[in-house]
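K.L.:
Before we start, here is the structure in question, set down as structure tokens.
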Amino acid sequence: MERRKAQEAAEERETEKTQKEDGIKECMRRIIKKISFVPGERVFKSFLWREYECNVGRKLIRRLMAEMNLVAATPKKDAYKGKAKHDHPCTAPENLVNQNFRVEPRHIICTDITYLYFGILRTTIYLCVFRDAFTKEILGWSVKRQMTTDLIKAAYKMMMTKHGNELRGKNTSVLVHSDQGSQYLSFTFKKLLENDGFLQSVSARGNSQDNAACEAFFSRLKTMVLDPVSLCRSLDQAEKMLDGCINQYNNEIYELDLAGLTPHEFYLYCVTGVYPCEDYFGVKATELDSLESIVQRNLKRQEEQAEKRREQSQERNRAAQLLKKDPVQITIEDQLLLERVIRRYKKHRDKIDDEIKQLEEVLSQAKSAQKFLSAMPEEERRKYGTPQAWQTEPHLNYIYGMAGLF
């Protein structure tokens, strides 16, 4: 008799467990339909908590995903990297961020460009974004067929239209951080930042970690939308889909690293201290510990981990600021590059006579720069081992004439 009762109790518990898990699976199906892609266990956990007041562990979610044959969309590699044209490395502004992204909201704004394609002909389009490195919110974006300065200007204009007051009203200077792409080093973009009182910062050449905030977003964006956008029939349709995806990311995708809030909610929480929930599973928020203290503890723990990583990369960052070659050798290699380009251009002399004259003038200046550096004592020449020293010496101004050759 007792054995039968124990067996019936076990069967009842198993039935309740199955019903509960079936309910969670139904919630997961609704989440997929809402956000239009299959997320990973962390996103599932955030949505189940915020949307359905269902607090489950990632281990259970992982098992249920396997039972449902769900495979999370995987990050897509950004094949655009390495295709952009750059200016001479000695013309680059200083790296003011040095991978220390988590300072405060609206303080460090990262920007970058990636590409996607749409239609049967796989037509290429370019997306530029400006992202708050602290809250992860996309403040401005633009989509165009050409990767020009106008692409960046349009994204920048959107950011200033929507969030200009938040940025200009800060007591500390806003840092706008990018890679060394020629669009970002153009006079037009520098003037935009100067007019708004922002400081420009650029990452080291070829170091994706220096702009990790944008790299991470592009990986996530392409996980969500790369395949669907390829089905679009027109640029307008692709742009509309990307607008919808970014708006959803800002306002509907919950992040565990942002206290389970969306990027926009997290910004409001940071500046007001009010968490956007009235109660937690029937318990009033006023009866609980402040979620702000929880967020600060999490950020402190992340900062301690980041500090360890920064200590390991500090030496690399310092080394990146030093030119690893003798200054004379740099001028010799620059001359070889200029001579190769000139020979290539001479094949089409009727079309590019002006360009040849300009490059020959730069080549002449590079030779003069070599003589200038060669005539120096070795000890004095050492001060030109950093890009900043080149930027302040008139004899080395030829480097600004080499825009787009690297």
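K.L.:
Have a look at 108, 113, 120 and point out the one that is surrounded by 21 or more Cβ atoms within 10 Å (Cβ to Cβ), modelled with pLDDT under 90 and not charged (D, E, K, R). Walk me through how you get there before you give the answer.
P.N.:
Details: 113 fails: modelled with pLDDT under 90; 120 fails: surrounded by 21 or more Cβ atoms within 10 Å (Cβ to Cβ).
Sole residue among the options that is surrounded by 21 or more Cβ atoms within 10 Å (Cβ to Cβ), modelled with pLDDT under 90 and not charged (D, E, K, R): 108.
K.L.:
Further, regarding this structure: Might you let me know whether the stretch 218-227 holds any residue that is of a type in the set (A, V, I, L, M) and under 14 Å from the mean Cα position of the chain (by Cα)? Outline the logic, then answer.
P.N.:
In the first step, residues of the stretch 218-227 are kept if they are of a type in the set (A, V, I, L, M); the result is 221, 224-226.
If we keep only those that are under 14 Å from the mean Cα position of the chain (by Cα) too, we end up with 221.
Yes, because at least one residue in the stretch 218-227 is of a type in the set (A, V, I, L, M) and under 14 Å from the mean Cα position of the chain (by Cα).
K.L.:
Out of (1) in a helix (DSSP H, G or I); (2) within 31 Å of the chain's Cα centre (by Cα), the odd one out for residue 55 is which?
P.N.:
(1)
K.L.:
From the residues in the stretch 255-295 that are among the aliphatic types (A, V, I, L, M), closer than 16 Å to residue 48 by Cα and outside any loop (DSSP other than H, G, I, E, B), which one is modelled with the lowest pLDDT? Spell out the reasoning first.
P.N.:
Start the filter on the stretch 255-295 by keeping residues that are among the aliphatic types (A, V, I, L, M), which leaves 256, 258-259, 261, 268, 271, 274, 283, 285, 288, 291, 294-295.
Now narrow it down to the ones that are closer than 16 Å to residue 48 by Cα: 256, 258-259, 261.
Still in the running and outside any loop (DSSP other than H, G, I, E, B): 256, 258, 261.
Details: 256: 75, 258: 81, 261: 83.
Within the stretch 255-295, the match that is modelled with the lowest pLDDT is 256.
K.L.:
List every residue pair whose Cβ atoms lie under 6 Å apart, where the two residues are 6 or more positions apart in sequence or sit on different chains, the first residue falls within the stretch 3-27 and is surrounded by 10 or more Cβ atoms within 10 Å (Cβ to Cβ), and the second residue, located anywhere, is hydroxyl-bearing (Ser, Thr, Tyr).
P.N.:
27/52
K.L.:
Hey, could you check the stretch 125-154 for residues that are surrounded by 21 or more Cβ atoms within 10 Å (Cβ to Cβ) and of a type in the set (D, E, K, R) and say which is farthest from residue 259 (Cα to Cα)?
P.N.:
Restricting to residues being surrounded by 21 or more Cβ atoms within 10 Å (Cβ to Cβ) and of a type in the set (D, E, K, R), the top hit is 131.
K.L.:
Here is a follow-up. Does the stretch 26-33 contain any residue that is assigned to a helix (DSSP H, G or I) and modelled with pLDDT under 75? It would help to see each step written out before you state the result.
P.N.:
Of all residues in the stretch 26-33, those assigned to a helix (DSSP H, G or I) come to 26-33.
Remaining after also requiring modelled with pLDDT under 75: 33.
Yes, the stretch 26-33 contains at least one residue that is assigned to a helix (DSSP H, G or I) and modelled with pLDDT under 75.
K.L.:
Just the residues that are farther than 21 Å from residue 211 by Cα and either in contact with a strand residue (DSSP E or B) (Cβ under 9 Å, 6 or more places away or on another chain) or in a helix (DSSP H, G or I) (or both), please, taken from the stretch 164-174.
P.N.:
Scanning the stretch 164-174 gives 164, 165, 166, 168.
K.L.:
Does any residue in the stretch 213-240 that is among the aliphatic types (A, V, I, L, M) come within less than 6 Å, Cβ to Cβ, of a residue that is part of a loop (DSSP other than H, G, I, E, B) six or more places away or on a different chain, and which pairs are these?
P.N.:
These pairs meet every condition: 213/101; 213/133; 224/37; 226/76; 238/232.
K.L.:
Return the only residue of 238, 212, 204 being in the same structural domain as residue 144 (by TED's automatic domain parsing), at pLDDT 90 or above and farther than 15 Å from residue 113 by Cβ.
P.N.:
So the residue among 238, 212, 204 that is in the same structural domain as residue 144 (by TED's automatic domain parsing), at pLDDT 90 or above and farther than 15 Å from residue 113 by Cβ is 238.
K.L.:
Looking at the stretch 25-51, which of its residues are among the acidic types (Asp, Glu) and closer than 22 Å to residue 279 by Cα? Outline the logic, then answer.
P.N.:
First, pick out the residues of the stretch 25-51 that are among the acidic types (Asp, Glu): 26, 41, 51.
Correct list: 51 only.
K.L.:
Do we have any residue at all in the stretch 59-78 that's in contact with a strand residue (DSSP E or B) (Cβ under 8 Å, 6 or more places away or on another chain) and modelled with pLDDT under 80?
P.N.:
First, the residues of the stretch 59-78 that are in contact with a strand residue (DSSP E or B) (Cβ under 8 Å, 6 or more places away or on another chain): 78.
Of the ones still in play, those that are also modelled with pLDDT under 80 are 78.
Yes, the stretch 59-78 contains a residue that is in contact with a strand residue (DSSP E or B) (Cβ under 8 Å, 6 or more places away or on another chain) and modelled with pLDDT under 80.
The values are calculated or read from the model by the stated rules, or taken from the named source; none is laboratory data. Because the structure is predicted, anything quoted here is derived from the model rather than measured. All Cβ positions, glycine included, derive from the backbone under ideal geometry; neighbour counts span all protein chains shown.
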